[in-house]
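Bear in mind these aren't lab numbers, they're just calculated from the coordinates by the rules spelled out. None of the values given here were measured: they were computed from a predicted structure.
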Amino acid sequence: METSSANKLRNLFEKYTDHNCFVCSKNNKIGLKLEIIQNNNNCYADLILGKNYSGFPDIVHGGIQAAILDEVAFWAMFNKYKSIGFTTKMNIQYLNKMDVNKKIRAIAINIIMQKNNVNVKVELREKDKTLTKADVDYRLVNDIYLKKYFGDEFLKEFIKIKNEKD
């Protein structure tokens, strides 16, 4: 099985940083350990969250939902453009309650780049019902900042990943 560039980037974070992402890291003992699937130029994740992630009784906390939306949007952006960006703005609409212990799909539905900014529209769905949707904006980070934040070895390996043909 071929390793995707998103999986290579996750491995790169684990290798060169103290990768402890609450949403996607397998190293975070209390994290969600969300497995994000690449599908052509898109990404999605299927999940079931228990009561540990509730706010109101039996309803997934809005902050947890926001974290999932941001994470899926980030990986969709990376998957499509092979660039790293930092979240600059997130507009969320909570349309319906998200019950605990229900199968949910988080899915990016539209990804658009303009100059150094990327907007990703992402949703949380239960079957065909949209529960929560968000517009997430990212500012792409250039190589100088990647080196500053993550180090020279990380940057060298990231450039290799970025330049690979899919």
If you line up the long axis of helix 5-16 against the longest principal axis of the chain, both from Cα atoms, how many degrees apart are they, to the nearest 10? 80
When the Karplus curve 6.51 cos²θ - 1.76 cosθ + 1.60 is applied with θ = phi - 60°, which whole-Hz ³J(HN,Hα) does each residue of the stretch 71-84 get, with x for Gly and Pro? 5, 5, 4, 4, 5, 5, 4, 5, 4, 7, 10, 6, 10, 9
Considering the Cα trace of the stretch 1-53, what is its radius of gyration and what is Dmax, both in angstroms? 12.3, 36
Expressed as an acute angle from 0 to 90° and rounded to the nearest 10, what is the orientation of the C-alpha long axis of helix 152-163 relative to the principal long axis of the chain? 80
When only alpha-carbon atoms are used, what values of Rg and Dmax, in angstrom, describe the chain? 15.9, 47
Rounded to two decimals, the Debye log10 I(q)/I(0) of the stretch 82-166 (Cα scatterers, no solvent) at q = 0.21 Å⁻¹ is -0.96
Under 5 Å between amide H atoms, partner at least 5 residues away or on a different chain: which partners does D99 have, H built in plane at 1.01 Å? V60
